[in-house]
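First comes the structure, then the notes that go with it.
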Amino acid sequence: MSAELLPTGQNIAVSALTAGVALEAVPAEDTVSGDPQQGVTELGTIGGAEAGIWELRAGVVTDTEVDELFIVLSGEATIEILSGAEEGREITVRTGDAMRLVGGTRTRWTVRDHIRKIYIAAE
């Protein structure tokens, strides 16, 4: 686990656009197509919630979401809801968009090039 970039008790700023995010292959069971890579850089915690930077590159992947609010820093993704009352709904998010994901929702993320987001999430 990496050190937090914005540790509790410090007044500090970092560039979320240029912060390093180490990428690794998405597990095969979560890969639908392509050769996607993803990574997370921890920013810290606030009010018991985790904050970080997440990046996904080139591919289609599935996930089970945690309760999350995110803002897209760069890139684009189409997120298909695979469960619940919104099953089949597709949402495209781009640079500058904010989105809420409900914990337990199954999703399929389609990313042609990349998406980088800053998130605040709780289990």
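Couple of notes before you dig in:
- Pairwise FRET efficiency - E90 versus A49, Cβ, R0 = 25 Å, nearest 0.05: 0.40
- For V14 and L82, the difference between the fully extended length at 0.36 nm per residue and the C-alpha to C-alpha distance is 21.0 nm.
- Fraction of C-alpha pairs exceeding 16 angstrom in the chain: 62 percent, rounded to a whole number.
- Centre-to-centre separation between the Cα atoms of the range 86-112 and those of the range 38-79: 11 Å.
- Karplus-derived HN-Hα couplings along the range 95-108 (A = 6.51, B = -1.76, C = 1.60, θ = phi - 60°), whole Hz, x at Gly and Pro: 2, x, 6, 10, 8, 10, 10, 8, x, x, 5, 8, 9, 10
- For T95, distant residues with modelled amide H under 5 Å away: G75
Readers should treat all values here as calculations from the given coordinates under stated rules, not as data from a laboratory. The model shown is predicted, which means the values in this text are computed figures rather than measured ones. With ideal geometry, Cβ positions are generated from the backbone for all residues, glycine too; neighbour counts draw on all protein chains shown.
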